[in-house]
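Here's the structure, in C-alpha cells; my notes come after.
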Amino acid sequence: MSTTIRDIGPGDEAAWRGLWEGYLAFYGQSLPEAVTRATWARLIDPAVPMIGRLAESDGSAAGFSLSVLHEGSWTIAPVCYLEDLFVRADRRGAGLGRALIEDVLALCRVRGLSRLYWHTREDNEAARRLYDGFTQADDFRRYRLFL
C-alpha cells in the first residue's frame, strides 16, 4: 500500500468532507453546515494557526489530522493540540493513524514547537492502544462549558 501525507489544499474539499462526515459519524455527532464550512475555510487559510494534513493511500483519501497551534503559559515556544485524527474504517490497522501522528510530531519538531498533545474518549480502546505507543495518558480530567 502506497501512502502519502500532505497539507490539505483548496482542491481537497470533497475528499476532506467525506472523511469529516465519517469522523463525525464515528463519534455519533452532527454539526451545522456553517461549522463545517468555517472549519474548512480555516484549514485552507494560511493565516490561521491550524495544520490540516491528508493521508492518501493507493490514490484515495484515507484519513486526516487537524491540529491547532497556540501559545502556552508554561512554555516559551507555541504548543500543538492534535484536535482531530481520523482514518477510514476500511483503512484502519494498516498504520495510517500512527503515520499521521508521526507526521504531526515531525512538523512540530521542524517548527520548534514545545509540545504536542491530544485526548480521546475513555472507551476508544483501539485509539488508546495506538496512543499509548507514543506516551502514557496523564491523570487530568477535561471540563467544558459551552457558550
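What follows draws every value from the coordinates through simple rules; no lab data is involved. Since the model is a prediction, treat every value here as computed from it, not as a measurement. FYI the Cβ positions are ideal-geometry reconstructions off the backbone, even for glycines, and counts take in every protein chain you see.
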Suppose each label sits 7 Å from its Cα in the direction of the beta carbon; what would the Ala38-Arg92 distance come out to in nanometres?
3.0 nm
Fewest-first ordering of Ser114, Ser2, Ser65, Ser57 by Cβ atoms within 10 Å yields Ser2, Ser114, Ser57, Ser65
Set the Förster radius R0 to 22 Å, insert the Cβ-Cβ distance between Thr135 and Phe26 as r into 1/(1 + (r/R0)^6), and round the FRET efficiency to 0.05.
0.45
Based only on other Cβ atoms within 10 Å, what is the fewest-to-most ordering of Arg53, Arg42, Arg141?
Arg141, Arg42, Arg53
When the Karplus curve 6.51 cos²θ - 1.76 cosθ + 1.60 is applied with θ = phi - 60°, which whole-Hz ³J(HN,Hα) does each residue of region 63-72 get, with x for Gly and Pro?
x, 8, 9, 10, 10, 10, 9, 8, 6, x
Alpha carbon Rg of region 12-88, scaled by the compact-globule rule 2.2 N^0.38 Å
1.18
In whole Hz, the Karplus estimates of ³J(HN,Hα) for region 126-141 (6.51, -1.76, 1.60; θ = phi - 60°; x where Gly or Pro) are 5, 5, 5, 4, 4, 5, 5, x, 9, 6, 7, 5, 8, 9, 8, 10
Hey, can you rank 82-92, 117-127 by average C-beta count inside 10 Å, highest first?
82-92, 117-127
For the His119, Asp45 Cβ pair and Förster radius 41 Å, calculated FRET efficiency rounded to 0.05 is 0.95
Along region 30-37, Karplus-curve 3J(HN,Hα) (6.51, -1.76, 1.60; θ = phi - 60°) to the nearest Hz, with x for Gly and Pro, reads 9, 10, x, 3, 4, 5, 4, 4
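Using the Cα gyration tensor of region 94-147, with a ≥ b ≥ c the square roots of its eigenvalues, what is the shape: rounded (a/c below 1.5), prolate (a/b larger than b/c) or oblate (neither)?
It is oblate, given that a/c is not under 1.5 and a/b is not larger than b/c.
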Would you mind putting 68-75, 102-109, 9-16 in packing order, based on average other-beta-carbon counts within 10 Å, highest first?
102-109, 9-16, 68-75
Kirkwood radius from Cα pairs of the chain plugged into Stokes-Einstein at 37 °C, 0.692 mPa s, gives D in µm²/s equal to 202 µm²/s
So, with points 7 Å from each Cα along the Cβ direction, the Phe146-Arg6 label distance in nm works out to 3.7 nm
